[in-house]
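First the structure, in the form of structure tokens, and then the observations on it.
The values are calculated or read from the model by the stated rules, or taken from the named source; none is laboratory data. The structure presented is a predicted model; accordingly, all values stated were derived computationally and were not measured. Every residue, glycine as well, gets a Cβ built from its backbone with ideal geometry; the counts of neighbours run over all protein chains shown. Heavy atoms of the whole protein, side chains included, go into the accessibility calculation; ligands, DNA and RNA do not. Shrake-Rupley method; radii C 1.70, N 1.55, O 1.52, S 1.80 Å.
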Amino acid sequence: MNFLAHIYLSGNNDLIKIGNFIADGIRGHDYEHFPVDVQKGILLHRAIDTFTDAHPVFRKSKHRLHEAYGHYSGVIMDIFYDHFLAKNWARYSDEKLEDYAERFYQSLRDNYDWLNPKTQAMMPSMIGRNWLASYATIEGIGMILFQMDYRTKNRVSMQNAVNELQEYYTEFETEFTAFFEELRAHVQQKMAIL
């Protein structure tokens with residue numbers, strides 16, 4: 001799962017969302033230096049990643065990309081799954097995606113001091129290009145993959161994965177829908193014990 005799903009799965013608590021959002025940049029027990037709700041978000045992020053990486057449906061989706069993109073196939077699938085969440089947003093939320101994204105961006109601004117330097121550096125681009133709302137279109141996914149290529153020095157030309165997204169669109173969407181229902185149930189259980 002990429003940014004949008006992690007934020008969405010955090011519920012309505014802004015600090016849990018922040019923790020979930022910054023979690024990739026927090027190593028080991030460093031999360032213990034944050035407020036309790038940010039800690040919960042970091043731990044929730046880790047639980048979501050563990051569940052996702054081991055899930056047979058996600059692995060099936062990822063397998064379609066593995067030959068062409070190797071290690072990056074999981075990263076690409078995370079972005080593809082965010083696409084299907086954004087595309088079908090009305091199924092999961094009563095709030096418009098654009099409004100939801102703007103509220104989250106404001107939360108980033110309001111909680112700037114809790115963000116790690118990597119996230120602080122990424123914020124202007126993320127907000128300026130409205131990454132969260134851009135997931136809803138194939139063009140937006142192409143832009144995100146292009147930026148990923150830039151950050152990884154174009155190791156595997158991830159932007160070309162838009163071709164596989166279009167070729168296997170129905171399969172990916174069906175797999176996402178089934179997987180996401182299970183993930184949402186898993187997150188509800190996890191949130192109850194965090």
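Numbers below:
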{"quantity": "Selection within the range 1-38 - of a type in the set (Asp, Glu) and touching a residue at least 12 places away in the same chain (Cβ under 8 Å)", "calculated": "Asp14, Asp24, Asp37"}
{"quantity": "Any chance Glu167 is closer than 28 Å to Ala47 by Cβ and either open to solvent by less than 80 Å² (accessible area, probe 1.4 Å) or not hydroxyl-bearing (Ser, Thr, Tyr) (or both)", "calculated": "no"}
{"quantity": "Single unsatisfied condition, Gln120 versus (1) open to solvent by 10 Å² or more (accessible area, probe 1.4 Å); (2) more than 16 Å from Phe3 (Cβ to Cβ)", "calculated": "(2)"}
{"quantity": "2 or more residues of a type in the set (A, V, I, L, M) and buried (at least 22 other Cβ atoms within 10 Å of the Cβ): qualifying helices (runs of 4 or more DSSP H) within the range 4-109", "calculated": "14-22, 36-54, 73-87"}
{"quantity": "Inter-residue pairs, beta-carbon under 6 Å, first without any contact (Cβ under 8 Å) to a residue 24 or more places away in the chain and in the range 39-57, second open to solvent by 10 Å² or more (accessible area, probe 1.4 Å) and of a type outside the set (Asp, Glu), 6+ apart", "calculated": "Gln39/Tyr31; Ile42/Ile26; Ile42/Tyr31"}
{"quantity": "Qualifying positions in the range 126-149 - more than 18 Å from Leu85 (Cα to Cα) and β-branched (Val, Ile, Thr)", "calculated": "Ile127"}
{"quantity": "Residue count for the range 1-28, restricted to those that are acidic (Asp, Glu), modelled with pLDDT under 95 and either over 22 Å from Lys62 (Cα atoms) or touching a Pro at 6+ places or on another chain (Cβ under 6 Å) (or both)", "calculated": "0"}
{"quantity": "Count of residues meeting criterion [β-branched (Val, Ile, Thr), open to solvent by less than 50 Å² (accessible area, probe 1.4 Å) and either in contact with a Pro (Cβ under 7 Å, 6 or more places away or on another chain) or assigned to a loop (DSSP other than H, G, I, E, B) (or both)] in the range 123-138", "calculated": "0"}
{"quantity": "The lone exception for Arg155 - which of (1) under 22 Å from His63 (Cβ atoms); (2) assigned to a helix (DSSP H, G or I) it fails", "calculated": "(2)"}
{"quantity": "Some residue of the range 140-153 being buried (at least 19 other Cβ atoms within 10 Å of the Cβ), in contact with a Leu (Cβ under 7 Å, 6 or more places away or on another chain) and not hydroxyl-bearing (Ser, Thr, Tyr)", "calculated": "yes"}
